[in-house]
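One structure is given below, encoded as C-alpha cells.
The values are calculated or read from the model by the stated rules, or taken from the named source; none is laboratory data. As the structure is a prediction and not an experimental result, all values here were calculated from the model. Counting neighbours? That spans all protein chains shown, and the Cβs are built from the backbone with ideal geometry, glycine included.
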Amino acid sequence: MKKSLLFTALLAAGITGSAWAQEPVNTEMNSRIREEGMNHSQVMDIAFHLTDVAGPRLAGSPGLKRAQDWAVNALKTWGMVGAKRESWGKFGKGWEVQKNYAAITVPYYHAIIAIPKAWTPGTNGPIKGEVMLIKADTTTDLAKYKGKLAGKIIIMDAPALPERQVGHADMSRYTDEQLAEMAKAKMAPAGQAPRRGGPGGNPFAAFARLRALRAALGEFLINEKAALVLSQARGTDGTVFTTNGASYADTAKAVSPELETSAEDYQRILRLVKAGQKVEMEADIKTEFFTKDLDGYDVVGEISGTDPKLKEQVVMIGGHLDSWHAGTGATDNAAGSAVMLEAMRILSRIGYHPKRTIRIALWSSEEQGLFGSRGYVKNHFGDPATMVLKPEQSKLSAYYNLDNGTGKIRGIYLQGDSAARDIFQAWIDPFKDLGATTVTISNTGGTDHQSFDAIGIPGFQFIQDGMDYNTRTHHSNQDTYDRLVEADLKQAATIVASFVYHTAERKDMIPRKALPTPRPAGAPGGR
C-alpha cells in the first residue's frame with residue numbers, strides 16, 4: 001500500500017502515530033477517554049471516600065479495611081469481575097489512635113500539637129506529670145536517672161530546626177528545562193551502584209550505636225515506669241511528620257507511650273526545662289491493637305479480556321492504599337489509588353471490551369517495605385530471591401504505578417527499559433496539551449513498581465509534579481483531602497486509562513529487559 005493510502009486508512013480507523021505509525025495511537029478512543037475522564041470525572045468522590053470517610057489507613061487498621069471494602073464494592077458496581085480483598089501473607093498487629101490529647105498546664109495552659117507514634121500504647125487513662133529532661137550519650141549515662149522517672153514525662157535534648165527561607169514556596173512543578181534534562185538521561189552502566197559513605201567515617205557504625213542507645217533507653221524507661229515520652233517531629237508550622245515507635249510484629253516488646261511533637265511545641269517545652277522552669281503536662285491517649293487477623297490484604301479486580309488468543313495476558317495498574325495515621329493519607333497515596341480506580345471506571349463507563357485482561361491492585365503495607373506488592377508478586381509470579389518463575393509471570397505485559405502525590409503526570413520513568421521508549425513516547429505525545437511530555441530512561445525508587453521489576457516484569461512509575469508532597473504532606477498531619485488538586489487527578493486518570501487501553505490492545509506485550517539475577521535476602525541489593 002502506498003504511504004498516502006496507508007495514512008488515509010489510519011485516519012479512517014482513528015489511529016495515528018509517529019514515524020508512520022510505528023506505534024499506533026487510537027485517537028478516537030483517546031477522545032472518548034478524555035471526554036469521560038476530564039468532563040465526567042468521579043475521581044474526587046473516590047478520593048473523598050478513601051480519605052474523609054475511611055479515615056487514616058495504617059497497615060492492618062480498621063481504617064484500611066474500611067477503604068478496602070469500599071474499593072471492592074466500587075469495582076463491583078462498575079462491573080469489574082473478581083473484585084475482592086486478597087491475602088498476601090502474614091503482616092502483624094493492626095493499630096489505631098482512639099483518643100489523643102496533650103497540653104502544658106504549668107507554667108500556663110497550652111494544648112500542644114502531637115501525634116502518638118504508630119504501634120505505641122496509650123496512657124491507660126488521663127495522666128498528669130512533670131516534664132523531665134534526660135541527657136544520655138551512652139547507655140552508661142542512664143544509670144544516674146535510676147529511680148527518678150516514675151510518672152514523669154520524658155524529653156530529650158534536640159537541636160532546633162534551622163531557620164527557614166523567607167518566602168520559600170511549598171508547592172512546585174517541573175519546569176520545561178527539568179523535564180528536558182530527564183528526557184536526555186542516559187542509562188547507568190550495568191552493575192553500577194551509588195557509592196556509600198564518604199568523608200567522616202562509616203555512617204552505618206554511627207547509626208548502629210544510636211540504634212543501640214535508643215533500644216537501651218526504651219527498655220530503661222519501661223522498667224522505670226515513665227508515664228510518657230515526647231520526641232521532636234520533623235516539620236514546621238505545626239506540621240508533624242509521623243513515624244512508628246514500635247514494631248507491628250505480634251511478638252514485639254512493649255514500649256512506653258510516645259508522642260511525636262511539633263517542633264515549635266517541643267522546643268518551647270525544652271527551652272523552659274533547660275532554663276530551670278518547672279513544666280507540667282496532662283495527657284490522655286488511647287490506642288488499640290488488633291490481633292484477631294494478622295494477615296495483610298490487597299484489593300484486586302479485573303475487566304476480562306475478550307480476544308481468544310490474548311485474554312490470558314494481563315495489564316496491571318495499581319498504587320498503595322495504606323497510609324500513615326496522622327492525616328488521612330490523601331497524597332500518600334489515596335491520590336494514586338483514586339486515579340487508578342478512576343481509570344478503571346473510565347474504561348468500564350465507555351463500554352470498552354479489552355483484548356487483554358486489565359487488573360487493578362491496591363496494595364497494603366507499602367509503607368513498611370512494599371509488603372503488599374512483594375507478597376502478591378511472590379504468590380503469583382515468582383520469587384526474586386531464587387528467580388524461580390511461575391507461569392503467570394510470562395503473561396503480564398506491564399504494571400503501571402502511581403505514588404508520588406497529587407501532582408499531574410508529566411511523563412513516565414522507563415526503569416531502564418529502553419525498548420519501551422518509542423512506544424511510550426507515541427502514547428504520551430497526544431497529551432502534550434495537558435502537560436505530559438517526557439519519557440526518561442531513569443527510575444524513581446521506593447514504591448511498588450519495583451516489586452514487578454525485581455521479577456523481570458516491566459514495571460513503571462509515572463513522573464508527577466512534586467507539589468508540596470516532600471515539603472508538607474508526605475507522612476504528615478497535613479496529608480488530607482484539602483491538599484488534592486482536582487485538575488491534576490483528572491489529567492492523571494485520563495492518561496493512565498489511555499496507557500492501559502493501548503497496552504491491552506497492542507499486538508505484542510511490552511518489551512522486557514533481561515531477567516534479573518537472583519537476589520537472596522542478605523545479599524548485596526537483596527531484601
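Filter segment 339-398 down to residues that are in contact (Cβ under 8 Å) with a residue 40 or more places away in the chain, under 19 Å from residue 494 (Cβ atoms) and outside any helix (DSSP H, G or I), then give me how many there are. Final tally of qualifying residues: 6.
Every residue, every condition in (1) farther than 15 Å from residue 290 by Cβ; (2) of a type in the set (Val, Ile, Thr); (3) outside the structural domain of residue 327 (by TED's automatic domain parsing), yes or no:
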{"position": "75", "(1), (2), (3)": "yes, no, no"}
{"position": "79", "(1), (2), (3)": "yes, no, no"}
{"position": "82", "(1), (2), (3)": "yes, no, no"}
{"position": "87", "(1), (2), (3)": "yes, no, no"}
{"position": "100", "(1), (2), (3)": "yes, no, yes"}
{"position": "105", "(1), (2), (3)": "yes, yes, yes"}
{"position": "119", "(1), (2), (3)": "no, no, yes"}
{"position": "123", "(1), (2), (3)": "yes, yes, yes"}
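Please verify whether segment 282-289 includes one or more residues that are farther than 30 Å from residue 157 by Cβ, surrounded by 15 or more Cβ atoms within 10 Å (Cβ to Cβ) and among the small types (Gly, Ala, Ser). No, there is no match, as no residue in segment 282-289 is farther than 30 Å from residue 157 by Cβ, surrounded by 15 or more Cβ atoms within 10 Å (Cβ to Cβ) and among the small types (Gly, Ala, Ser).
Scanning segment 285-320 for residues that are in contact with a helix residue (DSSP H, G or I) (Cβ under 6 Å, 6 or more places away or on another chain) and either without any contact (Cβ under 8 Å) to a residue 40 or more places away in the chain or not in a strand (DSSP E or B) (or both) turns up 312, 313. Would you confirm whether any residue within segment 149-164 is surrounded by 12 or more Cβ atoms within 10 Å (Cβ to Cβ) and either of a type in the set (S, T, N, Q) or over 29 Å from residue 278 (Cα atoms) (or both)? Checked against the condition, which is being surrounded by 12 or more Cβ atoms within 10 Å (Cβ to Cβ) and either of a type in the set (S, T, N, Q) or over 29 Å from residue 278 (Cα atoms) (or both), segment 149-164 yields no hits at all.
For segment 40-80, enumerate the residues that are out of contact with any helix residue (DSSP H, G or I) (no Cβ under 6 Å at 6 or more places or on another chain) and of a type in the set (Val, Ile, Thr). Those that are out of contact with any helix residue (DSSP H, G or I) (no Cβ under 6 Å at 6 or more places or on another chain) and of a type in the set (Val, Ile, Thr): 53, 72, 77. Pairs meeting the criteria (first residue in segment 479-508 and over 12 Å from residue 427 (Cα atoms) and without any contact (Cβ under 8 Å) to a residue 12 or more places away in the chain, second residue surrounded by fewer than 23 Cβ atoms within 10 Å (Cβ to Cβ) and not hydrophobic (A, V, I, L, M, F, W, C), beta carbons under 9 Å, at least 6 apart or on different chains) are 507/24; 508/397. Once segment 236-247 is narrowed to residues that are hydrophobic (A, V, I, L, M, F, W, C) and touching a strand residue (DSSP E or B) at 6+ places or on another chain (Cβ under 7 Å), the residue that is surrounded by the most Cβ atoms within 10 Å (Cβ to Cβ) is 240. Only residues that are at pLDDT 75 or above and assigned to a loop (DSSP other than H, G, I, E, B) were counted in segment 188-232, giving 3.
For every residue, the table says whether it meets (1) surrounded by 19 or more Cβ atoms within 10 Å (Cβ to Cβ); (2) at pLDDT 95 or above.
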| position | (1), (2) |
| --- | --- |
| 12 | no, no |
| 55 | yes, yes |
| 60 | yes, yes |
| 79 | no, yes |
| 87 | no, yes |
| 102 | yes, yes |
| 108 | no, yes |
| 115 | yes, yes |
| 118 | yes, yes |
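Scanning segment 221-235 for residues that are over 21 Å from residue 162 (Cβ atoms) and either under 30 Å from the mean Cα position of the chain (by Cα) or buried (at least 18 other Cβ atoms within 10 Å of the Cβ) (or both) yields 221, 224, 226, 227, 228, 229. When residues in segment 66-96 are screened for being more than 19 Å from residue 351 (Cβ to Cβ) and without any contact (Cβ under 8 Å) to a residue 40 or more places away in the chain, 4 of them pass.
If you take the residues of segment 486-509 that are under 30 Å from residue 262 (Cβ atoms) and crowded, with 20+ Cβ neighbours inside 10 Å, which of them is nearest to the chain's Cα centre (by Cα)? Step by step, filter segment 486-509, then rank; the result is 489.
Residue by residue through segment 107-124, note down the ones that are closer than 21 Å to residue 59 by Cα and of a type in the set (Val, Ile, Thr). Reasoning before the result, please.
Going residue by residue through segment 107-124, those that are closer than 21 Å to residue 59 by Cα are 114-122.
115, 120 - these are the residues of segment 107-124 that are closer than 21 Å to residue 59 by Cα and of a type in the set (Val, Ile, Thr).
Of the residues making up segment 106-141, those that are touching an Asp or Glu at 6+ places or on another chain (Cβ under 9 Å) and more than 27 Å from residue 325 (Cβ to Cβ) number 5. Of all residues in segment 265-284, those satisfying the criterion of being farther than 14 Å from residue 110 by Cα and either free of Cβ contacts under 8 Å to residues at least 12 places away in the same chain or in a strand (DSSP E or B) (or both) are 271, 275, 276, 284. Annotation: residue 479 fulfils all but one of (1) over 20 Å from the mean Cα position of the chain (by Cα); (2) modelled with pLDDT of 95 or more; (3) part of a loop (DSSP other than H, G, I, E, B); the unmet one is (1).
Taking the criterion of being within 26 Å of residue 211 (Cα to Cα) and either aromatic (Phe, Trp, Tyr) or assigned to a strand (DSSP E or B) (or both), the residues of segment 101-142 that qualify are 114, 115, 116, 118, 119, 131, 132, 133, 134.
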